[in-house]
1. Between SER123 and PHE165, what FRET efficiency follows from the Cβ-Cβ distance if R0 is 22 Å, with the result rounded to 0.05?
2. If the chain between TYR199 and GLN258 were fully stretched, how many nm would it gain, using 0.36 nm times the residue separation less the Cα-Cα distance?
3. Please give, to one decimal in nm, the separation of the simple spin-label points placed at LEU75 and LEU60, each 7 Å out from Cα toward the Cβ.
4. Ignoring ligands, DNA and RNA, please state the percent of accessible area on segment 91-324 from carbon and sulfur, probe 1.4 Å.
5. Using only the Cα atoms of segment 228-290, each taken as one equal point scatterer with no solvent, compute I(q) by the Debye sum, divide by I(0), and report log10 of the ratio at q = 0.14, 0.15, 0.26 Å⁻¹.
6. With a 1.4 Å probe and every protein chain left in place, work out the accessible area per residue of segment 97-240 in Å², rounded to a whole number.
7. How big is the equivalent ellipsoid of segment 91-324 along its three axes, where each semi-axis is √(5λ) from the Cα gyration tensor, reported in whole Å from largest to smallest?
8. With +1 assigned to the C-beta of every Lys and Arg and -1 to the C-beta of every Asp and Glu, and no other charges, what is the dipole magnitude of segment 91-324 about the Cα centre in debye, to the nearest 20?
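The values are calculated or read from the model by the stated rules, or taken from the named source; none is laboratory data. In this text the structure is predicted, and so the values were computed from the model without any measurement. All Cβ positions, glycine included, derive from the backbone under ideal geometry; neighbour counts span all protein chains shown. To get the accessible areas, we keep the full protein, side chains included, count just its heavy atoms, and leave off ligands, DNA and RNA. Shrake-Rupley method; radii C 1.70, N 1.55, O 1.52, S 1.80 Å.
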Amino acid sequence: MNRIQRIRAKQWLCIVASFPALCFSQSSHAHVRWFIADGTNPETSLPFDTISLAIVITTLSLFLFATMITYAPILPNKLKAGLTQPIVTPHPWIWYFLVLVINCYLAVNLLLGEFLAPNLYLSPQLALYGVIIQASAIVLMAVSVSLTGVAIALTSLALFIFFPFFIAFDYLFEFLFVGLSLIFIGPSLNNNDYRLCKYWNQDKKQWRRIAVHLVRIGLGLQLLELGIHNKLMLPGMALAFINQNDYYNFFPLLSLPQISNLHFVVFVGISEVILGLILIANLANRIIYGLLLAIFMTTFLLSGLEELVGHMPIITILFILFLEAGRQKQT
């Protein structure tokens, strides 16, 4: 298979996986800084034309669709229940998998000399502290999941000390809310945390529900921030990524060549914002979580192992939401 055929195959793979979710974000661009070095992004501004307006209107319809699925009586009760009711098992196996993924994620960072993310490198003076923090989190996880969550939450805030504000801000919600969720899921996973929970007269099942809400809100805030900051406010880096990997822009293969790579950046940014709002407002159901999972897996196939390693915690969180979130009532 020659190069043109390989590109065509990637394009059609993207279309097949994305066609049911044309209004959903292409999540591989969530951290384009993993693939595009700082300083290489072209200066550009978003186009304000009829195509951009059509993209905004189309993506806004996704929010309306999610609202209708959630509240409007347009679905049979059994189907609606299947889409919205959480599947909570007594043994929280998927949360154990999240702990395993976080440990592997931190171990890979240690091997690669990275700090929490592929584009975060501490200065030589601080590199040892980064090793100690990540190695300690791995060891501490066996003693107390909740205490590890406290450490991860505090580390997410400490990013502002080590890195420029907007670089740290790109990762704040992801790590802060994962840390907070580990605090509340700890009693369901660890005997030490469970004893502490009982000592405070707290219900571990209630804390588990809080943990689910935290990962949902955290993922929503993360998508919202990245859509606004990395796509709509600063589209140059995302455009540079699309220019280097133009098979992501599948619209020309759908007989829409007028949607340029820059318009595709608009599409991605607006979609991430809408999805973030849907998650924060707790309007998501298994259709949305399932499509998000499909999109993340598609971008892994297109972008390779670095994409998978960086997004494995988010993929696991989506599995948690698919199984346990549904339309849990705030309690």
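1. The formula returns an efficiency of 0.85 here.
2. Additional length available on full extension: 15.0 nm.
3. Going from the LEU75 label point to the LEU60 one covers 2.5 nm.
4. 73
5. Values, matching the q order: -0.49, -0.55, -1.01.
6. On the way: 6310 Å² over 144 residues.
Using a 1.4 Å probe on heavy atoms only, each residue of segment 97-240 averages 44 Å².
7. Here the semi-axes work out to 32, 22, 15 Å.
8. Dipole of segment 91-324, to the nearest 20 debye: 760 debye.
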